[in-house]
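Comments concern the structure below.
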Amino acid sequence: MAEKLQTRCVIAGGGPAGIMTGYLLARAGVPVIVLEKHADFFRDFRGDTIHPSTLELMYELGLLEEFLKQPHQELRELRAVINAQTVPIADFTKLSTRCKFIAFMPQWDFLNFLSTHGKEFPSFRLLMQHEVVDLLFEYQRVVGVRVKTPGGELEIHADLIIGADGRHSIIQACAGLKRQDFGVPIDVLWMRIPKRQDDPQQSLGFFQQGKLLVLLDRGDYWQCGFVIPKGGFDDIKARRLQQFQNDIVGFAGFLRDRVAELDDWSKIKLLTVQINRLRDWCRDGLLCIGDSAHAMSPAGGVGINLAIQDAVATANLLAGKLRTGPVSVDDLRKVQARREWPTRLIQAMQVFIHRRVVTGRTSDPRASLPFVFRLLKWFPVLRQIPARFIGIGPRPEHVHSSSAI
Ligand SMILES: Cc1cc2nc3c(=O)[nH]c(=O)nc-3n(C[C@H](O)[C@H](O)[C@H](O)COP(=O)(O)OP(=O)(O)OC[C@H]3O[C@@H](n4cnc5c(N)ncnc54)[C@H](O)[C@@H]3O)c2cc1C
C-alpha cells in the first residue's frame, strides 16, 4: 500500500515556476508541497538570466538586498558583433525598474536562495527525489499525484495540482492536455570555454553569414551557445572536433588559444530547441504553468522570467481562495487568460528571430549592417525598446498575493 498525504496544493517540479509558486502560496498561508525529482538543483546549464522584472519582484518580496549579495554578474548593455561590426542592441540602464541590469546567476543558486526562504514559511514543504509518475482522478477531476520516492511510492491528495515540471512535462501528458508545436529550424550546442583577463568584458552575440555564437560572461568562463540547423549535430560530429573548434575561432578569434580544451564531444551538450504551447492550461483540479504550459526557445533568454511571471499571476489569482478551499476551473482559466497573450507575443517573436535571423541562411560577410541594426547604432534611444521587451516583457506581474506572516 502506498503511503498517503493530504495537502491544499501540490506542485510538480522545482524549477523557477514551481519554487516561486510554492514560495508565494506558502507566504500567503496556503499549505503547499513542491515535488522535485532530482536530489538537488545542481544540474547542467539551463539559463542563468535573472531579468530586471524578476529583480523587481525580489524587491517587492523584501529579498533583493540579500539576493544581490549572492555571486552574480550584471549586464547593463547587450551587444552583438554582426559581420565583424559591434552593435549595441539593448540598453537596460534607462529601465524604470530598481535594477537596471540583467543579473547572471547560476540557476541552482537562484533556486537554492528562493527555496531556503520558502522554508521559513510553516506551510511550505519541498520534497527532493520525489518524482511524479501519475495523476489520481475522481471521475473527471484531478485529485492528486502518484509519486516515486527513494522510500517507495507515495500518493498525495490535494485541492489543486500545479504542473511546473518543464518542457518534458508528465503532468500535461497524463492530464491529456493538447499541445500546439511551432516548428523551430535550429538547435543549440552549449559548452564552457575558459575566460582570460584580457577577453572582452561583456556577454556577446556574434552573427556571421546567418550563423550565431553567443558568449555569456560567467566570471571565470564563457558559457557558449552555438546555433546549428535543427538535427545538424551528427553532421557536425562527422566533420571532426577540430573543424568545430575552427568554426568557433572563426566567430571569436580571441578564443584561439584555448578552444582545444573542447577535446571531447561529451563537453558539448545538445539543446533540442522547442517552442510549443498548450491549448488549455488547465482542467478541473489541475493547472500547468511555465515551460510545462509553453516551452520556450532560449532566444532572448526569457524562459525563466516568463515562468516566474506565471508563478506570480497564479499566486495573485488563486492564493486567496486556496487558503480556505478548492478553486474552480473558471478560477484556473483566469491564470491562462492573464498569461497567454504575453506568452504568445514572446513566442511569436522567437519564431520570427529563428526564421529571419539565425536559420543558417548565408549572407555576404562584407555586407553592410542590416537597416534595423544601423538604426540601433545611430539612435541610442531605440535601444530602450529591446531592453524593455527582454528585461521586463509584456504585461509584467507584481506581487499582490497577501503575506500571512
Ligand atoms: C540549455 C538551456 C538554456 C537556456 N537558457 C536560458 C536563458 O539563458 N535564459 C532563460 O530565461 N531561459 C533559458 N532557458 C529556458 C529556461 O531554462 C526555462 O524556460 C525555464 O527554466 C522554465 O522554468 P520551469 O520552472 O517552467 O521549468 P524547468 O526549469 O524545466 O523546471 C522543471 C523542474 O521540474 C522537475 N521535474 C520534471 N519532471 C518532474 C516530475 N515528473 N516530478 C518531479 N519533478 C519533475 C525538473 O527536474 C525541473 O527541476 C534555457 C533552457 C535550456 C534547456
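If the only charges are +1 at each Lys and Arg Cβ and -1 at each Asp and Glu Cβ, what is the size of the charge dipole of segment 36-105 around the Cα centre, to the nearest 20 debye?
Its charge dipole is roughly 220 debye.
Take H400 and R344, extend 7 Å from each Cα along the Cα→Cβ direction, and tell me the distance between the two endpoints in nm.
Output for this residue pair reads 2.1 nm.
Roll a 1.4 angstrom probe over the protein heavy atoms and tell me the percent of accessible area of segment 151-307 that is carbon or sulfur.
48 percent
How much of the DSSP bridge set in segment 1-150 is antiparallel, in percent, rounded to the nearest 5?
Around 65 percent of the beta bridges assigned by DSSP in segment 1-150 are antiparallel ones.
To the nearest 20 debye, what charge dipole does the chain have about its Cα centre, counting +1 at the Cβ of each Lys and Arg and -1 at the Cβ of each Asp and Glu?
1180 debye
Cα-based Rg (one decimal) and Dmax (whole number) for segment 229-298, in Å?
Using the Cα atoms of segment 229-298, the pair Rg, Dmax is 18.7, 58 Å.
I want the antiparallel fraction of DSSP beta bridges within the chain, as a percent rounded to 5.
70 percent
Sum -39500 (n - 2.57) across every DSSP H segment of at least 4 residues in the chain, then divide by the residue count to get the 222 nm mean residue ellipticity, nearest 500.
-9000 deg cm²/dmol
Would you look at the GNM of the chain, springs on alpha carbons closer than 10 Å, and say which of D199, D159, D134 moves the most?
Result for the chain, Cα springs under 10 Å: D199 fluctuates most.
If you split all Cα-Cα distances of segment 84-157 into 5 Å bins from zero, what percentages do you get per bin, shortest first?
In order of increasing distance, the bins hold 3, 11, 11, 11, 14, 13, 8, 7, 8, 8, 4, 2, 0 percent.
Which residues among segment 160-201 fall inside the zone where the amide N is under 17 Å from a point 7 Å beyond the Cα of D220, along Cα→Cβ?
192-199
Averaged per residue, what accessible surface does the chain expose to a 1.4 Å probe, in Å²?
Accessible surface, normalised per residue, equals 44 Å².
What shape does the chain have by the C-alpha gyration tensor, where a ≥ b ≥ c are the square roots of the eigenvalues, rounded means a/c under 1.5, and otherwise prolate means a/b greater than b/c and oblate the rest?
The shape class here is prolate.
If we sort 64-74, 97-107, 171-181 on the protection proxy, mean other Cβ atoms within 10 Å, highest first, what's the order?
In descending order of packing, they fall as 97-107, 171-181, 64-74.
In whole Å, what is the distance between the alpha-carbon centres of segment 21-91 and segment 139-218?
With segment 21-91 and segment 139-218 each reduced to a Cα centre, they are spaced 15 Å.
Given axes a ≥ b ≥ c from the Cα gyration tensor, I'd like to know whether segment 244-400 is rounded (a/c under 1.5), prolate (a/b larger than b/c) or oblate.
Cα axes put segment 244-400 in the prolate bin.
Could you pull out the pairs from K178/K334; K237/K267; K148/K269; K100/K334; K69/K269 whose alpha carbons sit more than 20 Å apart here?
K148/K269; K100/K334; K69/K269
How many nm separate the modelled label positions at S328 and Q201, each set 7 Å beyond the Cα in the direction of the Cβ?
For S328 paired with Q201, the spin-label model returns 5.8 nm.
Tell me, what is the 1.4 Å probe accessible area of E60, in Å² to the nearest 10?
My reading of the accessible area for E60 is about 60 Å².
For segment 132-246, what does the alpha-carbon gyration tensor say about shape, rounded, prolate or oblate, given a ≥ b ≥ c as the root eigenvalues, a/c under 1.5 as rounded, and a/b over b/c as prolate?
It comes out prolate by the Cα gyration axes.
Binning every alpha carbon pair distance of segment 1-152 at 5 Å from zero, what are the percents per bin?
Going out from 0 Å in 5 Å bins, segment 1-152 shows 2, 8, 15, 17, 16, 13, 9, 8, 5, 4, 2, 1, 0, 0 percent.
Rounded to the nearest 0.05, what FRET efficiency is calculated for Q140 and H168 with R0 set to 30 Å and r the Cβ-Cβ distance?
0.75
The values are calculated or read from the model by the stated rules, or taken from the named source; none is laboratory data. Predicted model, so just to flag it, every value in this text is computed and none were measured. Every residue, glycine among them, receives a Cβ derived from its backbone with ideal geometry; neighbour counts consider all protein chains shown. With ligands, DNA and RNA removed, areas are computed over all heavy atoms of the protein, side chains included. Shrake-Rupley method; radii C 1.70, N 1.55, O 1.52, S 1.80 Å.
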